[in-house]
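Some notes on the structure that comes next.
No lab work stands behind these numbers, since they all come straight from the coordinates. Quantities reported herein were computed from a predicted structural model and do not represent experimental measurements. Glycine also receives a Cβ, built like all others from the backbone with ideal geometry; neighbour counts cover every protein chain displayed.
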Amino acid sequence: MPSAVPAVEYRIRLSNPGAHLFAVSCTVRAPDPAGQIFRLPAWIPGSYMIRDFARNIVTLRAECAGHACAVEKLDKQSWRVAPTPAGEALTLHYEVYAWDLSVRSAHLDDSHGFFNGTSVFVAVEGHTEAPCEVIIERPEGAPFRGWRLITALPPAVGRAGGAAGCRFGRFRARDYDELIDHPVEMGEFTLARFEAAGVPHDIALTGRHDCDLDRLCADLERICAWQIDLFGAPAPVDYYLFLTMVVGDGYGGLEHRASTALLCARDELPWKGMEGLPDGYKSFLGLCSHEYFHTWNVKRIKPAAFTPYDLTRENHTRLLWAFEGFTSYYDDLALVRSGVIGVEDYLGLLAKTVSNVMRGSGRLKQSVADSSFDAWTKYYRQDENAPNAVVSYYAKGALIALALDLQLRAGSEGRCSLDDVMRKLWADHGQTGVGVAEDGIYHAVREVGGAVLGKRLARWLQQAVEGTDDLPLERLLKGFGVELAVEPASTAPGLGLKLAPGDSEARIANVYDGGPAQRAGLSAGDVLIALDGLKLTAKGLETQLKRRRPGDRVELHAFRRDELKVFQVELAEPPADKYVLKLAARSGERAVALRKGWLGA
Ligand SMILES: [Zn+2]
């Protein structure tokens, strides 16, 4: 049993699942005599956007020695309770509305409950460094009889994933930061276990599914074992949990120190008798691999700007290209290097990333360093103009990682690689807890590459990260026996726009810079209704365009709001924006050897 009453103790229970309410209390043994302040985070680490979780607090009151206490709201997310008698514990009671089916927040109904600590646990000012405990109450009544609980948060007695398993009850965290870094799932989920490098890993699936768990565990085990081996055993955790919510259509993942919360579409999971490796499953494995890689890269190797996090406001860093971009490079790379997918499948995935980056002119206007810094207001808050204004620090960051890896390998005849940079970051930062300075990645590259190569590549990297030039991928890949080509995705002449998803209404989602649609005055939000007098649907647009040639002029009728407008548009060449990667028919011995070092085959 716990030896002493904890300084801070939380209690959480289902208050009203039908109304999506959790009831939470927070008891402080020795509150601030000047008035105790409580705060709920404005954002959740890993998702760089202000979300103001306090907006979901419905009722709130404070109590001390059986009496109600006055509570003053200080700002959008902080409360101060009036001074309380010395020697008396103070309890804050509040209800949290939980109806956001995402990996970032909390969700509760009569089928399951899920929460991130950032949505439900207030920080107690002055006590955030102290150990704390939380009691998660088992819900009463017949509908909840089959419910279990799973989290990587260690129980007060024993350890996470230990023999006690799947029980409600008392849990313990070393500090507030740990408390909020272990999402919790409760309900009737499916659970499967595998071991990687001797460490137990659980995968929990909530929601209807027909997943072939043996297949999933076998693939995940290879991916996890490969990553542990990359950084060097032992693994940084002694237990890991993939928490997965299965829905008809959805996608998302958020990393935590010993677990990840995932949202996936049912069809992406493998099923018994599945043949080959469908794209959806490849994408789900890529997601798992991505979040797992974060166990090292961002959860332990962290930007100095995140040590510690300030959860009350935006935390700016220009380094997300390294923490998200490098992670995005390694997520798919781990699939091929661990043998879960083949080289051609891998080149297909890589080609998609290249196409994604090259499609938007935002890449010519924003550097990945700027994109990282402005993630809060730009990457995470994309509007219709995003392709023209924003570059993804995920996708372009992954290509920078690729270009850096290839140059390290080619320049050292395969003696060093980006793997060595990651291991250096792990040794210097991950294992020491020292944050990575804003220029820290350049330094690591310089040291790993040595006096000549390292110095040159550190300079190259800085330019790639802080500039907007396209990367010399074609030339670099050629040295590894891989050909990069670009072709039009369709034979239809180009209009320079993208329609919103769906087959019926032809609503414009994006208008690309400098294209025919923009020149003719069409805008995002316009609904195309006719082309040369013939009715248009989203599905029919391409069919009609295919019957015309570049240079043809067409008349488009469109509604802007409720006003009918007519546009004369001159069609362009089909855009060459589909990148294709394939093994060169003939490559020299050196290229083959380098590729073997890079992809393992
Ligand atoms: Zn990520």
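Among the lysines, select those whose C-alpha is under 17 Å from the C-alpha of Lys424, and discard any that sit fewer than 8 residues away in the same chain.
Lys299, Lys302, Lys455
Over the stretch 224-364, what number does the Rg to Rh ratio reach, with both radii from the alpha-carbon atoms and Rh per Kirkwood?
So for the stretch 224-364, dividing Rg by the Kirkwood Rh gives 0.98.
Along the three principal axes, how long is the stretch 72-178 when you take its alpha carbons, biggest first, rounded to the nearest angstrom?
Each principal axis gives a Cα extent; for the stretch 72-178 these are 43, 32, 26 Å.
Given the stretch 115-199 reduced to its alpha-carbon atoms as identical point scatterers, what log10 I(q)/I(0) does the Debye formula return at q = 0.12, 0.13, 0.22, 0.27 Å⁻¹?
For the stretch 115-199 at q = 0.12, 0.13, 0.22, 0.27 Å⁻¹, log10 I(q)/I(0) is -0.40, -0.47, -1.13, -1.41.
Could you give the angle, 0 to 90 degrees to the nearest 10, between helix 343-359's Cα long axis and the longest principal axis of the Cα atoms of the chain?
Tilt of helix 343-359: around 90 degrees.
For each of His93, His294, count neighbouring Cβ atoms within 10 Å of the residue's Cβ, then give the residues from fewest to most.
Working: His93 15, His294 23.
The order, fewest Cβ neighbours first, is His93, His294.
Longest span of the chain, sites excluded, free of trypsin sites (Lys or Arg not before Pro) in DSSP loop with at most 15 other C-beta atoms within 10 Å?
Between the exposed loop sites, the longest stretch runs 416-546.
Using a 7 Å offset from the Cα along the Cα-to-Cβ direction at both Arg193 and Asp552, what is the distance between the two label points in nm, to one decimal?
6.4
Given the convex hull over the Cα atoms of the stretch 460-554, what projected area results after averaging over all orientations, in nm²?
Working: hull surface 35.7 nm².
That works out to 8.9 nm².
Note down the magnitude of the dipole of the stretch 447-601 about its Cα centre, charges +1 on Lys and Arg C-beta and -1 on Asp and Glu C-beta and zero elsewhere, to the nearest 20 debye.
Dipole magnitude for the stretch 447-601 comes out near 560 debye.
Ignoring everything except DSSP H segments at least 4 long, calculate the 222 nm mean residue ellipticity for the chain; use -39,500 (n - 2.57) per segment, divide by total residues, nearest 500.
-7500 deg cm²/dmol
Please compute, for the alpha-carbon atoms of the stretch 278-319, the extent along each of the three principal axes and give them in descending order in Å.
41, 19, 17
Please report Rg over Rh for the stretch 425-514, where both radii come from the alpha carbon positions and Rh follows the Kirkwood definition.
Rounded to two decimals, Rg over Rh is 1.19.
Which listed residue (Leu581, Gly551, Tyr512) has the Cα farthest towards the positive end of the charge dipole for the stretch 505-601, taking +1 on Lys and Arg C-beta and -1 on Asp and Glu C-beta about the Cα centre?
Checked the options; the winner is Leu581.
Nearest 0.05, what FRET efficiency do Glu413 and Lys365 give at R0 = 45 Å with Cβ-Cβ as r?
For Glu413 and Lys365, the calculated efficiency is 0.75.
Taking N as the number of residues in the stretch 122-276, what is its Cα Rg relative to 2.2 N^0.38 Å?
1.11
Just to be sure I understand the model, the point goes 7 Å from the Cα along the line to the Cβ. What's the resulting Val486 to Tyr380 distance in nm?
3.2
Let me know the whole percent of all Cα-Cα pairs from the stretch 215-265 that are separated by more than 19 Å.
More than 19 Å apart: 35 percent of the Cα pairs in the stretch 215-265.
If one takes the longest principal axis of the Cα atoms in the chain, at what angle in degrees, from 0 to 90 and to the nearest 10, does the Cα axis of helix 440-449 lie?
Helix 440-449 sits at roughly 60 degrees to that axis.
Among Ala173, Ala70, Val357, flag the residue with its Cα farthest along the positive direction of the charge dipole of the chain, charges on Cβ as +1 for Lys/Arg and -1 for Asp/Glu.
Projecting each Cα onto the dipole axis, the largest value belongs to Val357.
Which listed residue (His294, Gln407, Gly198) has the Cα farthest towards the positive end of the charge dipole for the chain, taking +1 on Lys and Arg C-beta and -1 on Asp and Glu C-beta about the Cα centre?
It is Gln407, whose Cα lies furthest towards the positive end.
Treating the angle as unsigned and between 0 and 90°, give the value, to the nearest 10°, between the Cα long axis of helix 395-411 and the longest Cα principal axis of the chain.
Result, in degrees: 70.
Need one number: nm distance between label points at Ile135 and Glu344, each 7 Å from Cα along Cα→Cβ, rounded to one decimal.
Distance between label points: 6.1 nm.
Starting from the Kirkwood Rh over alpha-carbon pairs, what translational D in µm² s⁻¹ does the stretch 19-92 have by Stokes-Einstein at 10 °C and 1.306 mPa s?
Approximately 118 µm²/s, per Stokes-Einstein.
If you bin every alpha carbon distance in the stretch 158-237 into 5 Å steps from zero, what whole percent lands in each bin?
Spelled out bin by bin, the stretch 158-237 gives 3, 11, 19, 19, 22, 17, 7, 1 percent.
Can you work out D for the stretch 1-61 in µm² s⁻¹ from Stokes-Einstein, where Rh is the Kirkwood radius over C-alpha pairs, the temperature is 37 °C and the viscosity is 0.692 mPa s?
Taking Rh from Cα pairs, D becomes 229 µm²/s.
Compute the projected area of the convex hull of the Cα atoms of the stretch 5-142, averaged over all viewing directions, and report it in nm² to one decimal place.
8.9
Would you kindly calculate the mean projected area, averaged across all directions, of the convex hull enclosing the Cα atoms of the chain, in square nanometres?
Here the figure is 30.9 nm², rounded to one decimal.
Treat every Asp and Glu Cβ in the chain as -1 and every Lys and Arg Cβ as +1, leave all other atoms uncharged, and give the resulting dipole magnitude about the Cα centre to the nearest 20 debye.
800
Calculate the dipole size of the stretch 459-508 relative to its Cα centre from +1 charges on Lys and Arg beta carbons and -1 charges on Asp and Glu beta carbons; express the result in debye to the nearest 20.
100
Taking the C-alpha atoms of the stretch 487-535, how large are the radius of gyration and the largest Cα-Cα span, Dmax, in Å?
Computed over the Cα atoms of the stretch 487-535, radius of gyration and Dmax are 11.1, 31 Å.
Can you tell me the Rg and the Dmax, both Å, for the Cα atoms in the stretch 247-320?
For the stretch 247-320, the Cα radius of gyration and maximum Cα-Cα distance read 15.9, 49 Å.
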